[in-house]
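First comes the structure, then the notes that go with it.
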Amino acid sequence: MNPSSILSSALRSRLARTTAAVSLACASLLTVTHIVHADAPKTAAEYSADPAAMLDAYRHVEAASVSDAIEQLLHEKRYMSHRMASIFPTKFAGTALTVKLVKQENHDADALTGMLKAIDSGGPGSVYVMQVEDGADIAGMGGLMGTAMFSRGFAGAVIDGGVRDLPQLKKIGFPVYATGPVPSTSVSHYRFGGVNVPVDCDGVKVAANDIIVADQDGVVVVPRDRAAEILILAQKLDNSEHSMYPFIEKFHSIQEAVKQFGRI
């Protein structure tokens, strides 16, 4: 091959590599542009019209900010107490599927059938919220129920009662909040009291389809009819607090940070 042919081949090869690099850069830029567009803030009206986007946004705000937003807007306590603890550190948000168990000694094989049907009626994004009457020492759920919820895509479970089979729940990574681990059973001691009925979970009223927000700070219940405006305020509170951290680190003063951002 003569020198001119070699030079021409090299130029073509370099041009091909340059074209590929430019194409890759353009594709990356388009991807970044798409991500920025997807993350653009939405209005309350837009969230109300797009429940899936609203639920996804709740997964990215802190439970404490949601609790503060509810207190500011509704002047209500909608968070569960320190008694409601997670079996491992977690963060999730989803829509409440409520179940009530009524304390009643029985020998009825079908006494809890409705509870099992309720689990099989849920799906991706559901949060199983159970009231177990006087159930601090009764396991409202265990490994079998948790495995079923996990397989159906539930976001998590919140049990106003005990939980058991923690090794299995931790193995599959299914998050559960409960009043504590206990080895007992609800079989023969409880009867199914209803699905998607209003329940009282650790002193907080929960209705079907309310939004449950949980992280390492605890569990908050968001009333569905006010969810969009609560989310908007929670996002603002989150942004303020997260902006304060570097300010405090730089200027070494929480007082100045509070004056600057108005958040504590």
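Hey, among the residues in segment 148-166 that are touching an Asp or Glu at 6+ places or on another chain (Cβ under 9 Å) and farther than 17 Å from THR90 by Cβ, which one's surrounded by the fewest Cβ atoms within 10 Å (Cβ to Cβ)?
ARG152
Could you check LYS205 against (1) part of a strand (DSSP E or B); (2) in contact (Cβ under 8 Å) with a residue 40 or more places away in the chain and say which number it fails?
(2)
Residue by residue through segment 196-213, note down the ones that are polar (S, T, N, Q) and over 18 Å from the mean Cα position of the chain (by Cα).
ASN196
Quick test of your reading of the structure: GLN255 fulfils all but one of (1) within 18 Å of the chain's Cα centre (by Cα); (2) part of a helix (DSSP H, G or I). Name the failing condition by number.
Looking at each condition in turn, GLN255 falls short on (1).
Working only within segment 103-138, note down all residues that are within 20 Å of the chain's Cα centre (by Cα), outside any helix (DSSP H, G or I), buried (at least 16 other Cβ atoms within 10 Å of the Cβ) and of a type outside the set (Phe, Trp, Tyr).
Passing the criteria: GLY122, GLY125, SER126, VAL127, VAL129, MET130, GLN131.
Here's a check for you: in segment 38-52, which residue that is of a type in the set (A, V, I, L, M) and surrounded by fewer than 13 Cβ atoms within 10 Å (Cβ to Cβ) is modelled with the lowest pLDDT?
Result: ALA38.
The values are calculated or read from the model by the stated rules, or taken from the named source; none is laboratory data. Just so it is clear, the structure is predicted and the values come from calculations on it, not from any experiment. Note that we place each Cβ from the backbone using ideal geometry, even for glycine, and neighbour counts take in every protein chain shown.
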